[in-house]
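Just so it is clear, none of the values below were taken in a lab; they were calculated from the coordinates. This structure is a prediction, so every number in the text was calculated from the model and none was measured. Because the Cβ atoms are built from the backbone with ideal geometry, glycine has one as well, and the counts that use them run over all protein chains shown.
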Amino acid sequence: MHEYQWEFIRFALDRNVLRFGEFTLKSGRKSPYFFNAGLFNTGNSLSRLGRYYAQALIHNGPKDIDLLFGPAYKGIPLAASTAVSLADSFDIDLPYCFNRKEAKDHGEGGALVGAPLQGRVAIIDDVITAGTAIREVMQIIKAAGAEPAAVLVALDRQERGQGELSAIQEVERDFGIPVISIVSLDQILEFLEGDEQLHRFLPAVQAYRDEYGI
Ligand SMILES: O=P(O)(O)OC[C@H]1O[C@H](OP(=O)(O)OP(=O)(O)O)[C@H](O)[C@@H]1O
Ligand SMILES: O=C(O)c1cc(=O)[nH]c(=O)[nH]1
């Protein structure tokens, strides 16, 4: 694992974002670990997080991105902090937008907020598990006439999607775009192996991976 990945896992553990226990996921799967990006909840942690995403996009993403999109809800501050980091640290001023889960019927109305949803879009979200959320986002982008160009997530849980491939592999195959993650379950397992205090969670995470992993 790269040093920045080890640092990122330490950062997520310190903020209680990465936790071990028993959690029910959007897919209904019962997971022994959970990544709650909502707990990156201070200016400092969001600023640091935005830099991780911005670096991942610059180093591993396509060069010709026109817009960042943050899926409601947790993707919203992620896209915003990535946009700020790109501007502040890399002198790249990209527009960003996000959706509402319920369309608004007064004021400016509608389900989209921010810059017009157009051009080549990088989707900024927290995790991909079974891939349901990301497929919903693809529909929103296509309905607007824009073009999905990449997906960026903090954590690739490396779980099966609709078939035998991982949800991320299915997205790459079905939409022909790269999915970039800061860390994946492989690195979390490696971290657990090397950490005296967290080592005890390894068996449960490995058993979960045997059931749902690829
Ligand atoms: O790959 P999947 O199986 O779809 O699961 C992952 C998605 O589930 C969570 O979103 P959720 O819809 O719970 O929304 P939130 O951002 O409002 O917490 C998470 O933020 C991912 O977007
Ligand atoms: O699959 C999910 O619902 C899910 C997993 C996870 O680790 N974090 C999260 O916010 N959602």
HN-Hα J couplings of the range 186-198 from phi, Karplus 6.51/-1.76/1.60, θ = phi - 60°, integer Hz, Gly and Pro as x? 3, 6, 5, 4, 4, 4, 4, 4, x, 10, 4, 6, 9
If I take the Cα coordinates of the chain and project them onto the principal axes, what are the three extents in Å, biggest first? 51, 38, 33
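Need one number: % antiparallel among DSSP beta bridges in the range 3-212, to the nearest 5.
Details: 10 of 29 bridges.
In the range 3-212, DSSP labels about 35 percent of beta bridges as antiparallel.
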Just name one of G176, V127, F98: the one whose Cα is farthest towards the positive end of the charge dipole of the range 56-207 (beta-carbon charges, Lys/Arg +1, Asp/Glu -1). F98
Kindly express, to the nearest 10 degrees and within the range 0 to 90, the angle between helix 43-60's C-alpha long axis and the longest C-alpha principal axis of the chain. 80
Counting only DSSP beta bridges with both residues in the range 114-214, what percent are antiparallel, rounded to the nearest 5? 15
Rounded to the nearest 20 debye, dipole of the chain from Cβ charges on Lys, Arg, Asp, Glu: 500
Students often forget the sequence filter, so: which lysines lie under 24 Å Cα-Cα from K26 once same-chain residues fewer than 8 apart are removed? K74, K101, K142
Per-residue ³J(HN,Hα) for the range 68-84, Karplus 6.51 cos²θ - 1.76 cosθ + 1.60, θ = phi - 60°, Hz, x for Gly and Pro: 9, 10, x, x, 4, 9, 5, x, 5, x, 5, 5, 5, 6, 5, 4, 5
Which of the chymotrypsin sites (Phe, Trp or Tyr not before Pro) found in the range 57-123 are loop residues per DSSP with 15 or fewer other Cβ atoms within 10 Å of their Cβ? Y73
May I ask for the longest run of the chain untouched by GluC sites (Glu not before Pro) that are loop-located per DSSP and have at most 13 neighbouring C-beta atoms (other than their own) within 10 Å? 1-107
Can you tell me what share of the DSSP beta bridges in the range 1-123 is antiparallel? A percent to the nearest 5 is fine. 60
